[in-house]
1. Stretched out fully, how many nm does the piece from Glu73 to Asp254 gain, at 0.36 nm a residue minus the Cα gap?
2. Just list whichever of Lys43/Lys89; Lys20/Lys87; Lys30/Lys77; Lys43/Lys77 have alpha carbons separated by over 20 Å in the model shown.
3. Please express the shape of the stretch 10-53 as an equivalent ellipsoid: the semi-axes are the square roots of 5 times the eigenvalues of the C-alpha gyration tensor, given largest first in whole angstrom.
4. Please compute the length gained on full extension between Val122 and Leu96, using 0.36 nm multiplied by the number of residues separating them and subtracting their Cα-Cα distance.
5. Dividing the Cα radius of gyration by the Kirkwood radius, what Rg/Rh value follows for the stretch 220-261?
6. Could you state the number of Å between the C-alpha centres of the stretch 21-73 and the stretch 96-157?
7. Kindly provide the pair-distance distribution of the stretch 18-97 built from C-alpha pairs, with 10 Å bins from 0 and whole-percent values in order of increasing distance.
Amino acid sequence: MILRKNNFRDQIFEDAEVEKDTDIRKKVLKDFNKMEDDFATLKDYNDYLEQVETMIFNLTNGIDVEQTRLEIESYRKENQDIIRRNKLKKSHDEELIERLLEEEREVRQFTQQQIIEEEELVQKEKQKQKNELINDLMFSKLPAEHIIRTHRQDITSIEKNIEKKAKPLQIPTQISSKFVPGTFMRQERFVAPRVETGSLYSYTPLHLENRGPIPPEFSNLASLKYLAHIRVEDKCERAGGFQSNVACYRALQDSFCGLFL
């Protein structure tokens, strides 16, 4: 038996059954690549999808393997033109993803350009202030400490003015127009749902109707010696969130509950 390299591949999933199902699904969907637009009704499209899933299930679980392979081969021969056409045609989801990626790429480039321009402006201002500082130190009759302190104040003031003048990021509307959708892409843009804002949350203490004697307060369990015979949790239990005093308090609530019924 000849072993060929193209018959082997790196395992992606830990579960061998999932790996087998994924591999068979990829092979089957290369030929069964019809889309909803290829059917007259939605029911026909759903029946087609059910047929494909049945074939994948049979091949994965070893049910009627030879018969299923014959059906796939027969479908491949009878629908060569449709298979070839759909391989060249992008689905609605693919065009949507391509559009989103294109817009994201354009926004990223535009943002980077704005950041570069702002950094260049800051560097120019700093270099200008540095040159003025050198000139003042060389030719001014004022004390050096006074000149340096004044220039530091000027630099701080300039940086604040630059931050105030910095324009918020504005994405040009022309960015999204560069992607030309095909016949399966809808032209309308997505609108984010409106978020309804209400009043802020206000905590209200929980009132329990235990129908019995009032249990002791949680803070008084130790002083009333309810914890005297309760096993203290170890480090592992505490790390997992278990606390013996909480368990004791719940047991007391359960024991007092319903005694007056």
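1. Length gained, Glu73 through Asp254: 58.4 nm.
2. Checking Cα-Cα distances, Lys43/Lys89; Lys20/Lys87; Lys43/Lys77 exceed 20 Å.
3. On the way: eigenvalues 154, 20, 9 Å².
After diagonalising the Cα gyration tensor, the semi-axes are 28, 10, 7 Å.
4. Between Val122 and Leu96, full extension yields an extra 5.4 nm.
5. Working: Rg = 12.3 Å, Rh = 11.5 Å.
Rounded to two decimals, Rg over Rh is 1.07.
6. So the separation of the two Cα centres works out to 61 Å.
7. Result, from short to long distances: 17, 47, 32, 4 percent.
Computed from the coordinates by the stated procedures, all read-outs in this text should not be read as laboratory data. Model, not experiment: these values are computed from the prediction.
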